[in-house]
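Undergrad: Please read through the structure below; I'll follow up with questions.
Taken together, the values in this text are just the output of simple stated rules run on the coordinates, not laboratory data. A quick note: this is a predicted structure, and the numbers were derived from the prediction, not measured. Here the Cβ positions follow ideal geometry from the backbone for every residue, glycine too, while neighbour counts run over all protein chains shown.
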């Protein structure tokens, strides 16, 4: 083997300088390089599809060996969670509807009026620093760089690059991710207990008494169904049939209950949580990399107005320049670190969405007001 | 130089790199070691250095790094710098012996991969990332280096084939004819 020479050193330096030049051109934005990148991605598509087919059995075998116990535990936990969610779903629907009506009345921007599109996660970043996933839809579906991406739990990230048929999504845990957020007060423990009421304000016991004094068939309350774990009867369209109790205009007067004699009836209930979700403070949520929780910076604690504390809720702040619309749930404060000086406290956030297990996501086709005006 | 690259190692290196990239983005994203993704493309770049010296290692690292950047959507050249240095460092270490033993090739490949992995956050720092040096880097670098070393018995011959490197042959001096 030849010894180390000046010629060799020149080749290495030339390659490094070429890399720096390309890096500079690409960071400043170069359409030619973008086209080259798109072209290479297309060339690689059949390679990646074929590799996926070949390696899927090996991957499954590996997961089968290493993740079986975890999956079993997770399955049990999810089953418990599902049982609880079925209970709250019906009442939550009513709350969401009321919330949307109120938003519409106040003419406030919300996620409800923004078109979204579901996409499937088809890949993840191959290096150890980036927290980026790849989804199977791109420019052809109307996706643009900067659009926020959510799942059923809350915000998961934003689109950072798009090709015709794919897009890359930077997750909220990536060290380069920043989004303006609003911290708002969590409901007190005492107030977190849902209070179930009827439109008349009567309690379940009162209504039971009311029903037994009439000749109506036995009535099954929603709470009874959930307590016993019975599956709610569903109609053809999958909705839970609800029979309303007509309240008498005179509280002293009893009225018959309209129910279908053939099947148990479920009374309409409204679960309310008496909360005061007043905004406390605005800040910037920043990701910190794989395995670390995102943090909120640029906060000022003003004890006279509100104290930032563990359990506070975090939602996107919106605003003219923000890439995300307001009120997308982000997470909950699980730790507060006070700093000396004017820096203000740091808040550790536990995101609602589990970004390590993503399958389907929803891209919010939102354009910030500042972009619309341009 | 570009024509020489195309006629020389690129014909084999590019397709092999494409297959490795596809593997990197499928199976090696799923199969991790202590949560660290094994960097097979970086391992090939370092193995090319251990097999063919610093110049060939740098060329292989540059080409593989550009391919990696293009597919991952990273700024073009960011990973290329890291992999060029990985190949060059592995090649420089390999200069201490004429024909490195398999275990020496493992060592050089591992060290080259370690340098490459360390360079990734360094490049990020220069491209504007605020705090690219994660605490996990102390775990990531040894795992990536060890994996590259383990893979080197496969990757060093593969790199030799890609770059058209032949093993050194020791030829006995010609016999002197008696006077």
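Undergrad: Give the average, rounded to an integer, of partner chain Cβ atoms located within 10 angstrom of each Cβ in B:78-84.
TA: Averaged over the peptide's residues, the number is 5.
Undergrad: Okay, next question. Can you give me the distance in nm between label points at residue A:117 and residue A:307, each placed 7 Å from the Cα along the Cα-to-Cβ direction?
TA: The two pseudo-label positions are separated by 4.8 nm.
Undergrad: While we're on this one: How shielded is B:138-148 by partner chains, expressed as the average number of their Cβ atoms within 10 Å of its Cβ atoms?
TA: 1
Undergrad: If you don't mind, another one. Quickly rank B:135-142, B:64-71, B:38-45 as a protection proxy: mean count of other C-beta atoms within 10 Å, highest first.
TA: Final packing ranking: B:38-45, B:64-71, B:135-142.
Undergrad: Now, a different point. In 10 Å bins starting at zero, report the fraction of Cα pairs in the range B:9-163 per bin as a rounded %.
TA: 13, 45, 35, 7, 0
Undergrad: Summing -39500 (n - 2.57) over the DSSP H runs of n ≥ 4 in chain B and dividing by its residue number, what mean residue ellipticity at 222 nm do you reach, to the nearest 500 deg cm²/dmol?
TA: -23500 deg cm²/dmol
Undergrad: Going highest first, how would you order A:281-289, A:332-340, A:75-83, A:145-153 by mean Cβ packing within 10 Å?
TA: Result, highest mean Cβ count within 10 Å first: A:281-289, A:145-153, A:332-340, A:75-83.
Undergrad: Let me ask another. Can you give the extra length, in nm with one decimal, that the chain gains between residue A:36 and residue A:139 once fully stretched, where that is 0.36 nm per residue apart less the Cα-Cα distance?
TA: On the way: separation 103, 0.36 × 103 = 37.08 nm, distance 1.65 nm.
Contour length minus Cα-Cα distance gives 35.4 nm.
Undergrad: Between residue A:164 and residue A:95, 0.36 nm times their residue separation minus their Cα-Cα distance comes to what?
TA: Extra length available between residue A:164 and residue A:95 comes to 21.0 nm.
Undergrad: Here is a further query. In degrees from 0 to 90, rounded to the nearest 10, what is the angle of the helix B:78-93 Cα long axis to the longest principal axis of chain B?
TA: The angle comes out near 30 degrees.
Undergrad: Still on this model: How high is the FRET efficiency between residue A:13 and residue A:338 when r is their beta carbon distance and R₀ equals 56 Å, given to the nearest 0.05?
TA: 0.70
Undergrad: For chain B, take the longest principal axis of its alpha carbons; what is the angle in degrees between that and the long axis of helix B:137-163, to the nearest 10 within 0 to 90?
TA: Here the helix axis deviates by roughly 40 degrees.
Undergrad: Also, I was wondering about something else. Which order do the peptides B:109-115, B:86-92, A:66-72 take when ranked by the mean count of other beta-carbon atoms within 10 Å per residue, highest first? List each step's numbers first, then the result.
TA: Working: B:109-115: 28.1, B:86-92: 32.0, A:66-72: 10.1.
Taking the mean over residues of other Cβ atoms within 10 Å, the ranking is B:86-92, B:109-115, A:66-72.
Undergrad: Using a 10 Å cut-off around each Cβ, can you sort B:117, B:30 from fewest to most neighbouring Cβ atoms?
TA: Listing B:117, B:30 from fewest to most nearby Cβ atoms yields B:30, B:117.
Undergrad: How well do other chains shield peptide A:51-63, expressed as the mean number of their Cβ atoms within 10 Å of each residue Cβ?
TA: Counting other chains' Cβ atoms within 10 Å and averaging over A:51-63 gives 4.
Undergrad: What angle do you read, to the nearest 10 degrees and between 0 and 90, between the alpha-carbon axis of helix B:10-25 and the longest principal axis of chain B?
TA: 40
Undergrad: Along the Cα-to-C-beta direction of residue B:30, a point sits 7 Å from the Cα; which residues of the range A:54-89 have their amide N less than 18 Å from that point?
TA: Under cut-off, by backbone N: A:54-72.
Undergrad: Can you tell me how the range A:45-85 classifies by the Cα gyration tensor, rounded, prolate or oblate, using a/c under 1.5 as the rounded cut?
TA: Note, shape of the range A:45-85 comes out oblate.
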